[in-house]
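Following: one structure in structure tokens, then a few remarks.
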Amino acid sequence: MKTMFRNCPELLGMMLGLSDALFRAIAAFAFNPGEARIYGALLLGNVHHHNEVRAFGLPTMAWFGIAAVVFAMLYAGVRIAEYGARPGNTGFLLCRALLGAVAGVLTLNMIESLATAKVTNYIGWVLGGRFTAINFGDVLTWLCLALLVPAFVTALAQYLAGRPRIG
């Protein structure tokens, strides 16, 4: 695992991002499309976010494209910043792994969206008469993006401190 993290952290992150396919398959097997069970405020089911017009009048696939471009710019920025650092800077390796996880979730969402014209959400909460459902990929994406800034700051701090590489 340490060797994989050192040599190709993006692959490790992408495997984590694509692992949500297992939970989506379980939800599809356990529940009919559109079916959900409510346990107090907890919702478990197979509910979908359909491909439709979203914010600013753009369809879902256009937003996937925009997300891919933003992701590519973030990844390029990390790789350019890493170029001047020593190989094996753990902060930059962590940044690359986090971006790999985001890429895995984005890939899974795009494949599912192209194949079924929807994205499966399987866990959520009910407040009043409304519900919100998400999937593990959504949580992972936001968690990785939130951790990206501290990881980048750590990478720069290691670079400035001249810390040795992972090994």
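Note on the chain: helix-only mean residue ellipticity at 222 nm, from DSSP H runs of 4+ residues weighted -39500 (n - 2.57) and normalised by residue number, equals -21000 deg cm²/dmol. Rounded to 0.05, the FRET efficiency of the Leu147 and Met15 pair, given R0 = 25 Å and the Cβ-Cβ distance, is 0.90.
Per the Kirkwood formula applied to alpha carbons, the range 93-167 shows a radius of gyration over Rh ratio, Rg over Rh, of 1.17.
In square nanometres and to one decimal, what's the mean projected area of the convex hull around the Cα atoms of the range 9-161? Please report the intermediate quantities before stating the final value.
Values: hull surface 42.3 nm².
Projected area, direction-averaged: 10.6 nm².
For Asn135, the residues whose modelled amide H falls within less than 5 Å of its own, excluding neighbours fewer than 5 places apart on the same chain, are Tyr122.
Can you name the helices of the chain, as whole DSSP H runs, whose Cα span along the helix axis is 27 Å or more and whose Kyte-Doolittle mean is not below 0.5? Please report the intermediate quantities before stating the final value.
Numbers: long enough: 60-83 (34 Å, 1.36); 90-116 (39 Å, 1.42); 136-161 (36 Å, 1.68).
Qualifying helices: 60-83, 90-116, 136-161.
Readers should treat all values here as calculations from the given coordinates under stated rules, not as data from a laboratory. Here the structure is a predicted model, which means the values were calculated and not measured. Cβ atoms come from the backbone with ideal geometry, glycine included; neighbour counts cover every protein chain shown.
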